[in-house]
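Just so it is clear, none of the values below were taken in a lab; they were calculated from the coordinates. Computed from a predicted structure; not experimentally measured.
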Amino acid sequence: MKETSQAETGVIRGGVGRSGQTTSYNVDLADLRAFISVAELGAFHEAAEQLNLSQSALTRRVQKLEEALDVALLQRTTRRVELTTV
């Protein structure tokens, strides 16, 4: 598995937290790519194949992103994956 370089880690700024202050999140760009792939393809299996990852590794990346942002990004069922409305 490829190691993440510093160039693949970024900071997202501009969100407004509950206190009304701007928030920052440390986010791995590979996690963002994983999320985008799942969102575009609508399936973890296809996204994992496209990214050359196992399904479990892809799932962990998306979960890590959701935890970092403190929001559920995807609505999962046994048959489909859809974006949540935030």
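Each residue of the stretch 35-48 in order: what ³J(HN,Hα) in whole Hz does its phi give by Karplus 6.51 cos²θ - 1.76 cosθ + 1.60, θ = phi - 60°, with x for Gly and Pro?
4, 4, 5, 5, 5, 5, 8, x, 7, 5, 4, 5, 5, 4
Between Asn26 and Gln50, what length comes free when the chain is fully extended (0.36 nm per residue of separation minus the Cα-Cα distance, one decimal in nm)?
6.2 nm
Along the stretch 59-68, what does the Karplus equation 6.51 cos²θ - 1.76 cosθ + 1.60 (θ = phi - 60°) give for ³J(HN,Hα), rounded to whole Hz, x for Gly and Pro?
Taking θ as phi minus 60°, the curve returns 4, 4, 4, 5, 4, 4, 5, 4, 5, 5 Hz for the stretch 59-68.
Taking 0.36 nm per intervening residue step and subtracting the Cα-Cα distance, what contour gain separates Leu83 from Glu40 on full extension?
Value of the extension gain: 14.5 nm.
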